[in-house]
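To start, the structure itself, in structure tokens.
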Amino acid sequence: AQTVTQSQPEMSVQEAETVTLSCTYDTSENNYYLFWYKQPPSRQMILVIRQEAYKQQNATENRFSVNFQKAAKSFSLKISDSQLGDTAMYFCAFMNRDDKIIFGKGTRLHILP
Amino acid sequence: KAGVTQTPRYLIKTRGQQVTLSCSPISGHRSVSWYQQTPGQGLQFLFEYFSETQRNKGNFPGRFSGRQFSNSRSEMNVSTLELGDSALYLCASSSFGAGGLANYGYTFGSGTRLTVV
């Protein structure tokens, strides 16, 4: 069975700093998607970034980028120039061809002014 | 374009009762999934519907059921409520979901907070 592990339950960084959230996963499949979702206090899950496993190039969305290491089954999220609005719970997620998303337990990120 | 709409936002029920939650996906989205979120277990997959058919089911007891209508709107029902069913129930929709990897991720609603007393 696929599993997703986020080893950092909580992190705090100063505004404008760069922060990296860790994620590892376990699967025997070769084709799949990886996601980072953000859940602010409003509760809505917001897709931050996605990565197709067959693409070697790391995905980037403005200040958000990933370091995808397929062999190591690692998928970390880097947030550059962090902003107060980045404060939220961040979930790493895995999806295979069953279209079922498996989430990690999340990392609570605090951006401090 | 309207997002995924879940109703109601909050719900308080008594043990033993049943509850129905509603989810209206983004227009044109045919795949709807349901997740349960609790502090202890995190986010857990309940089931997924595509074109009115349940395609996937998580490891939840039969008290949890769902359905999808021809307009893609979905409902989730929980019968004989238990205290442990208290959770945030999230619905998500996608324009794909035909069993392949054409799915670029789900759009989530804001959830229904269910409290069982």
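Quick one: compute the contact order of segment A:1-107, relative version, from alpha carbon pairs under 8 angstrom and 6+ residues apart, as a percent. Rounded, it is 36 percent for segment A:1-107.
Taken over the protein assembly as shown, the percentage of Cα pairs per 10 Å bin, counting from 0 up to the bin with the maximum distance, is 8, 33, 35, 20, 4, 0. What is the sum of charges around B:Phe69, taking Lys and Arg as +1, Asp and Glu as -1, for the other residues whose C-beta is under 14 Å from the C-beta of B:Phe69? For residues surrounding B:Phe69, the net value is +1.
Note on A:His110, B:His29: ascending count of other Cβ atoms within 10 Å places them as A:His110, B:His29, the fewest first. Between A:Met11 and A:Arg108, A:Leu109, A:His110, the built amide H atoms are under 5 Å apart, and every one of these is 5 or more places off in sequence or on another chain. Among beta bridges identified by DSSP and lying wholly in the protein assembly as shown, the antiparallel ones come to about 90 percent. Among A:10-19, A:31-40, the peptide with the highest mean count of other Cβ atoms within 10 Å heads the list, and the full ranking is A:31-40, A:10-19.
For a modelled paramagnetic label at A:Thr60, 7 Å from Cα along Cα-to-Cβ, the residues of segment A:10-24 in reach, with backbone nitrogen under 18 Å, are A:18-21. The chymotrypsin sites (Phe, Trp or Tyr not before Pro) of segment B:27-80 meeting both criteria, a DSSP state outside H, G, I, E and B (loop) and at most 13 other C-beta atoms within 10 angstrom of the site's C-beta, are B:Phe69. Non-local amide H neighbours of B:Gly42 (under 5 Å, H modeled in plane, Pro and chain starts lacking H): which ones? Under 5 Å from the amide H of B:Gly42 lies no amide H from a residue far enough along the sequence or on another chain. If you take all other residues with their beta carbon under 15 Å from the beta carbon of A:Asn31, and give Lys and Arg +1 and Asp and Glu -1, the sum is +2. From the cross-link list A:Lys73/A:Lys105; A:Lys100/B:Lys57; A:Lys55/A:Lys105; A:Lys38/A:Lys78; A:Lys38/A:Lys100, which pairs have alpha carbons spaced over 20 Å apart? Flagged as over cut-off: A:Lys55/A:Lys105. Under a Cβ-Cβ cut-off of 9 Å, what is the net charge of the residues other than A:Gln83 that fall near it, where Lys and Arg count +1 and Asp and Glu count -1? Result for the local shell: -2.
Read-outs throughout are calculated quantities, based only on the coordinates presented, and are distinct from any laboratory measurement. From a predicted model like this one, the values you see are computed outputs, not experimental measurements. In this analysis, Cβ positions are derived from the backbone assuming ideal geometry, glycine residues included, and neighbour counts consider all displayed protein chains.
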